[in-house]
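Take a look at the structure below.
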Amino acid sequence: MSKKKVETALVLRTCNPDLTSRGGFQWPGEIGAVVEAPDWKKSNECGNGLHGWLFGQGDSGASDSIGMPDAKWLVVEVVVADIVALGGKIKFPRCTVRHVGDKLSATEYLLTHEPRAASVAVIGVTLAGGDRSTLTGGYGSTLTGGDGSTLTGGYDSTLTGGDGSTLTGGNRSTLTGGDDSTLTGGNRSTLTGGYDSTLTGGNRSTLTGGNRSTLTGGNGSTLTGGDGSTLTGGYGSTLAGGYGSTLAGGNGSTLTGGDGSTLTGGNRSTLTGGDGSTLTGGYDSTLTGGNRSTLTGGNRSTLTGGDDSTLTGGDGSTLTGGYDSTLTGGDGSTLTGGDKSELRIRRWDGKAERYRTYNAYVGEDGIEANTPYRLDDNNKFVKA
């Protein structure tokens, strides 16, 4: 009667450069060496055993040595019946050493000799696939796929996909996709997408998209989009969009849009738009628009518009418009208009309990071009 074959599995783990692990345990460097845990206890708690990542997947934070540039990466063989599953790792009483090397050699050995590793996010893996490939890597992975590929990488991964690819990376990932790509990166990611791409990055991400791209970045992000792009950035973001772009930035954002752009910025934003732009800034914003721009700023905003611009600012705003501009400010605002411009200030009338708008025209009744004016207590325009 033949003896039943014992099922085993390959497990990935890391050690210090001298092959020691937590607690000073010494791992052997010889292939085929059998390792026993001197303190083994079959419990569902960490400790009292040898530890690793089954098939190479798990929580990279379980290792103290994974971030060391000269760490030793081991692949060991474990009897499946001995395995105790823990959160993001496993433990076992004994194993046989099958490979000792660096990250690249260990992950290559694992993928070659453990078929089940091909269907999980292996930590530290380097993968290259052809067109329409599906690649999945864990922490610190490097994935390169052809056109139409789907790439998913863990924390600190690097992903590069061809045209039409879909890339998803964890925190501090670097993602580069071709035309029609979809890229999603975590905090501090760097994303570069081609024509008509969709990019979504976490806090402090850097996103660069081609024409008609859609970019969404978290707080402190830097977003640069081509013509017709749509950019949405969080607090403290910097956004620059091409012709016909739509940019929306959070508080403290800096937005720069090309001709025909639409820019919407939060409190204390700085917005600069080209000819024909539409700029809307929150409280205490600074807006600068080109010819025929439309600028709308919150209280105490500073608005500067080119010829034929329309500027509307809240109370205490400062508005400067070029030739034939229309400037509308709230109470306490200062307006400076070019030739043929119209100045409007809206003030509350306590007796009538309503707002009244007072007008002045540059070139009439002594109102001079390129001269700042305010409304006095008698509701007359006077030089500021």
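The values are calculated or read from the model by the stated rules, or taken from the named source; none is laboratory data. Just so we're clear, the structure is a prediction, and the values are computed from it rather than from any experiment. Positions of Cβ are backbone-derived with ideal geometry, glycine not excepted, and every protein chain shown enters the neighbour counts.
Quick one: in region 180-190, of everything that is of a type outside the set (G, A, S) and assigned to a loop (DSSP other than H, G, I, E, B), which residue is farthest from V125 (Cα to Cα)? Don't jump to the end; show me each part of the working.
Residues of region 180-190 that are of a type outside the set (G, A, S), as a first pass: 180, 182-184, 187-188, 190.
Checking which are assigned to a loop (DSSP other than H, G, I, E, B) leaves us with 180, 187-188.
Numbers: D180: 26, N187: 21, R188: 21 Å.
Looking at the filtered set, the residue picked out is D180.
Before we move on, is G321 out of contact with any Phe, Trp or Tyr (no Cβ under 7 Å at 6 or more places or on another chain), closer than 19 Å to S269 by Cβ and modelled with pLDDT under 95? Working first, answer last.
Working: out of contact with any Phe, Trp or Tyr (no Cβ under 7 Å at 6 or more places or on another chain): yes; closer than 19 Å to S269 by Cβ: no; modelled with pLDDT under 95: yes.
No.
Looking at region 345-354, is at least one residue closer than 21 Å to T280 by Cβ, buried (at least 20 other Cβ atoms within 10 Å of the Cβ) and out of contact with any helix residue (DSSP H, G or I) (no Cβ under 8 Å at 6 or more places or on another chain)? Please lay out each step first, then the result.
Kept after step one, since they are closer than 21 Å to T280 by Cβ, are these residues of region 345-354: 345-346.
Subsequent filtering for residues that are buried (at least 20 other Cβ atoms within 10 Å of the Cβ) retains 345.
Filter once more, keeping what is out of contact with any helix residue (DSSP H, G or I) (no Cβ under 8 Å at 6 or more places or on another chain): 345.
Yes, there is a match, as at least one residue in region 345-354 is closer than 21 Å to T280 by Cβ, buried (at least 20 other Cβ atoms within 10 Å of the Cβ) and out of contact with any helix residue (DSSP H, G or I) (no Cβ under 8 Å at 6 or more places or on another chain).
From the list D331, D275, D284, exactly one residue is of a type in the set (D, E) and either crowded, with 22+ Cβ neighbours inside 10 Å or closer than 24 Å to G244 by Cα (or both). Which is it? Before you say what the answer is, go through the steps one by one.
Details: D331 fails: either crowded, with 22+ Cβ neighbours inside 10 Å or closer than 24 Å to G244 by Cα (or both); D284 fails: either crowded, with 22+ Cβ neighbours inside 10 Å or closer than 24 Å to G244 by Cα (or both).
So the residue among D331, D275, D284 that is of a type in the set (D, E) and either crowded, with 22+ Cβ neighbours inside 10 Å or closer than 24 Å to G244 by Cα (or both) is D275.
Looking only at region 60-85, count every residue that is within 13 Å of Y139 (Cβ to Cβ), exposed (fewer than 13 other Cβ atoms within 10 Å of the Cβ) and at pLDDT 95 or above and tell me the total.
Count: 0.
Could you check region 332-358 and list, in sequence order, the residues that are in a strand (DSSP E or B) and over 19 Å from L295 (Cβ atoms)? Let's see the steps before the verdict.
Pass one, region 332-358, residues in a strand (DSSP E or B): 334-337, 342-349, 354-358.
Passing the criteria: R347, W348, D349, R354, Y355, R356, Y358.
I'm told G148 meets every condition in (1) under 24 Å from G162 (Cβ atoms); (2) assigned by TED's automatic domain parsing to the domain that holds P38; (3) not β-branched (V, I, T) except one. Can you identify the failing condition by its number?
If we test G148 against (1) under 24 Å from G162 (Cβ atoms); (2) assigned by TED's automatic domain parsing to the domain that holds P38; (3) not β-branched (V, I, T), just (2) comes out false.
Considering only residues that are under 12 Å from the mean Cα position of the chain (by Cα) and either more than 19 Å from S245 (Cα to Cα) or at pLDDT below 85 (or both), which ones fall in region 184-204?
T184, G185, G186, N187, R188, S189, T190, G202, N203, R204
Out of everything in region 86-99 that is crowded, with 19+ Cβ neighbours inside 10 Å and touching a helix residue (DSSP H, G or I) at 6+ places or on another chain (Cβ under 8 Å), what residue ends up being farthest from K5 (Cα to Cα)?
K89
Hey, does region 157-179 have a residue that's of a type in the set (A, V, I, L, M, F, W, C), in a strand (DSSP E or B) and more than 23 Å from G241 (Cβ to Cβ)? Show your work before the answer.
In the first step, residues of region 157-179 are kept if they are of a type in the set (A, V, I, L, M, F, W, C); the result is 159, 167, 175.
Those still in the list that are in a strand (DSSP E or B) too: 159, 167, 175.
Remaining after also requiring more than 23 Å from G241 (Cβ to Cβ): 159.
Yes: region 157-179 contains one or more residues that are of a type in the set (A, V, I, L, M, F, W, C), in a strand (DSSP E or B) and more than 23 Å from G241 (Cβ to Cβ).
When both residues are 6+ apart or on different chains and their Cβ atoms are under 8 Å apart, which pairs have a first residue that lies in region 212-231 and is outside the structural domain of L247 (by TED's automatic domain parsing) and among the polar types (S, T, N, Q), and a second that is assigned to a strand (DSSP E or B) and buried (at least 24 other Cβ atoms within 10 Å of the Cβ)?
Close Cβ pairs satisfying both conditions: none exist.
Using the structure shown, decide if T107 is among the β-branched types (V, I, T), assigned by TED's automatic domain parsing to the domain that holds R188, in contact (Cβ under 8 Å) with a residue 12 or more places away in the chain and under 24 Å from G67 (Cα atoms). Before you say what the answer is, go through the steps one by one.
On the way: among the β-branched types (V, I, T): yes; assigned by TED's automatic domain parsing to the domain that holds R188: no; in contact (Cβ under 8 Å) with a residue 12 or more places away in the chain: yes; under 24 Å from G67 (Cα atoms): yes.
No; evaluated as a whole, the condition is false for this residue.
Taking region 1-38 as the search range and keeping residues that are touching a Gly at 6+ places or on another chain (Cβ under 9 Å) and of a type in the set (V, I, T), which one is farthest from V84 (Cα to Cα)?
For region 1-38, the residue satisfying everything is T14.
Being modelled with pLDDT of 95 or more, of a type in the set (A, V, I, L, M), at negative phi and not assigned by TED's automatic domain parsing to the domain that holds S237: is that true of A360 here? Steps first, answer last, please.
Numbers: modelled with pLDDT of 95 or more: yes; of a type in the set (A, V, I, L, M): yes; at negative phi: yes; not assigned by TED's automatic domain parsing to the domain that holds S237: yes.
Taking the combined requirement at face value, the residue satisfies it.
Under 6 Å by Cβ, and 6 or more places apart or on different chains, what pairs join a residue from region 116-129 that is on the phi > 0 side of the Ramachandran plot with one that is crowded, with 17+ Cβ neighbours inside 10 Å?
G124/K103; G124/T107; G124/G140
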